[in-house]
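Okay, so here's the structure we're looking at.
Nothing in this text is a laboratory measurement; each read-out follows from the coordinates by a stated rule. Model, not experiment: these values are computed from the prediction. No Cβ is skipped: glycine too gets one built from the backbone with ideal geometry, and neighbour counts run over all protein chains shown.
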Amino acid sequence: MDKDTIVFAKIKAQLSKFSGIISFVIRLTKRRALVHQCDESFRYIKQSYNLEDIRVRSYKAIRNLIVLVLAVSYFAAVYLGQNLKLKILVERIFLVSKRFFGVPSFFNYAIL
């Protein structure tokens, strides 16, 4: 065996000792990214619906209000977002297909 092969074998042995730690760090990073994504989406909902300016008397009222706001934001994101995507798709189809906007005056256009 040459010297490089021995060195790579030693490095591989050392890294195999840390494979459990590396996989733990990767899992921890993915979880933290998911938590950050949830926090950011909730922060966006709070800011867009001005939830910090609403006054209620009890925790139960806050909880019920948050449920309603989350339901409204879900509806706005999913159902209205689908309608917007559909509208953009239809507009794109009309723009690509020039024949929907009328046939030019010269008659051989449809043959081309």
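Panel order for LEU80, LEU51, by other beta carbons found within 10 Å of each beta carbon, from fewest to most: LEU80, LEU51. Annotation for LYS12 and VAL78: the two label points, set 7 Å from Cα along the Cα-Cβ direction, are 4.9 nm apart.
Taking each residue as 0.36 nm, the span from ARG32 to ARG63 lengthens on full extension beyond its C-alpha to C-alpha distance by 8.6 nm. When you filter the chymotrypsin sites (Phe, Trp or Tyr not before Pro) in the stretch 14-92 for DSSP loop state and at most 14 other Cβ atoms inside 10 Å of their Cβ, you are left with PHE18.
You can think of it this way: the chain between ILE21 and ILE54 has 7.3 nm of extra reach, that is 0.36 nm per residue less the Cα-Cα gap.
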